[in-house]
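The values are calculated or read from the model by the stated rules, or taken from the named source; none is laboratory data. Source: prediction; values computed, not measured. Counting neighbours? That spans all protein chains shown, and the Cβs are built from the backbone with ideal geometry, glycine included. The protein model used for the area step is the full one, side chains on, heavy atoms only, and it has no ligands, DNA or RNA in it. Shrake-Rupley method; radii C 1.70, N 1.55, O 1.52, S 1.80 Å.
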Amino acid sequence: MSLTLFDLSGKRALVTGSSQGIGYALARGMADAGAHIVLNGRDRTKLDKAATDLKADGHDVQTLLVDVTDHDAVRIAVDAFEAEVGPIDILVNNAGIQHRTPLEDFPAEAFERLLQTNVASVFHVGQAVGRHMIARNAGKIINIASVQTALARPGIAPYTATKGAVANLTKGMATDWARYGLQCNAIAPGYFDTPLNKALKDDPDFNDWLSKRTPAGRWGQVEELVGACIFLASSASSFVNGTTVYVDGGITVSL
Ligand code: NDP
């Protein structure tokens, strides 16, 4: 009976950056909980393959090919989708990139790209979808932050800045939009084995450091993010607003 709180049947969830990695895992997890899924990315081939894989398991899947850094393109795509297909009840702002270079050598162009992809996209897609949610007096927005919301590491200062901003933008969204029946929250993943982290996964020194530094003693599996996502996407979290849930094996609570 209490499990109905977590049921996503009949809900439609848009997950940005969901052709692979964490976004794909969250999309699959919400599909398993009953949601219709809208996958997003820029690469048509990758996106179609991800959609085909989910459909093969019997899930209802659509795709929205749009670059989430393009404010106007996002608004046009979301408005058209809402008009032609139907409401987006759940938005996961997941698309993100990394760039590793010591700060003194960090290219300005890479800094700007990180800001656009990791932060501005949350505003662009959040506003485009949020306007429709506000009109319906209901909606769930989940922004993907990071352990770098709380902690820095060498070589990724700009990424750290963007993920701090994601958590604060989440607070702002909740503050502006809770009165319209929306719940806006964030998930902060620890270290997960995805294409974004290939360089770290391939580095034995990093693996050694991570297993000692993380109380759980290991990398996370992307499926371990699904529970937090379903909680924040479902009516189970109807009075949870503006918070960041860390799913990190304890790395941010210990030294
Ligand atoms: P991946 O690199 O594996 O996947 C990124 C996805 O985002 C791809 O589907 C990519 O598709 C899409 N994407 C990138 N830029 C854009 C854009 N401008 N418009 C639309 N889609 C875009 O990353 P992860 O799965 O590892 O990371 C997902 C999120 O989780 C990111 O926000 C990341 O910062 C965060 N995170 C990841 C952690 C980890 O350990 N992996 C830890 C903490 C946070 P395409 O190629 O088609 O653009």
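Remarks
- Counting protein heavy atoms only, region 76-164 has 60 percent of its accessible area on carbon and sulfur, 1.4 angstrom probe.
- Computed P(r) (all Cα pairs; region 1-56; 10 Å bins; percent): 26, 52, 17, 4, 0
- In the chain the Cα-Cα distances spread across 5 Å bins starting at 0 as 1, 6, 13, 18, 21, 17, 12, 7, 3, 1, 0, 0 percent of all pairs.
- Over region 2-253, relative contact order from alpha-carbon pairs under 8 Å, at least 6 apart, %: 20 percent
- On full extension, the segment bounded by K212 and V85 gains 40.9 nm, given 0.36 nm per residue less the C-alpha separation.
- Protection proxy ranking of 25-33, 104-112, 13-21, by the mean of other Cβ atoms within 10 Å over each peptide's residues and highest first, is 13-21, 25-33, 104-112.
- Residue (of H99, A161, S254) at the positive-pole extreme of the chain, dipole from beta-carbon charges: S254
- 25 Å Cα cut-off, lysine pairs counted over the chain (separation 8 or more, or different chains): 19
- Cβ-based net charge around R136, under 11 Å, with every Lys or Arg adding one and every Asp or Glu removing one: -1
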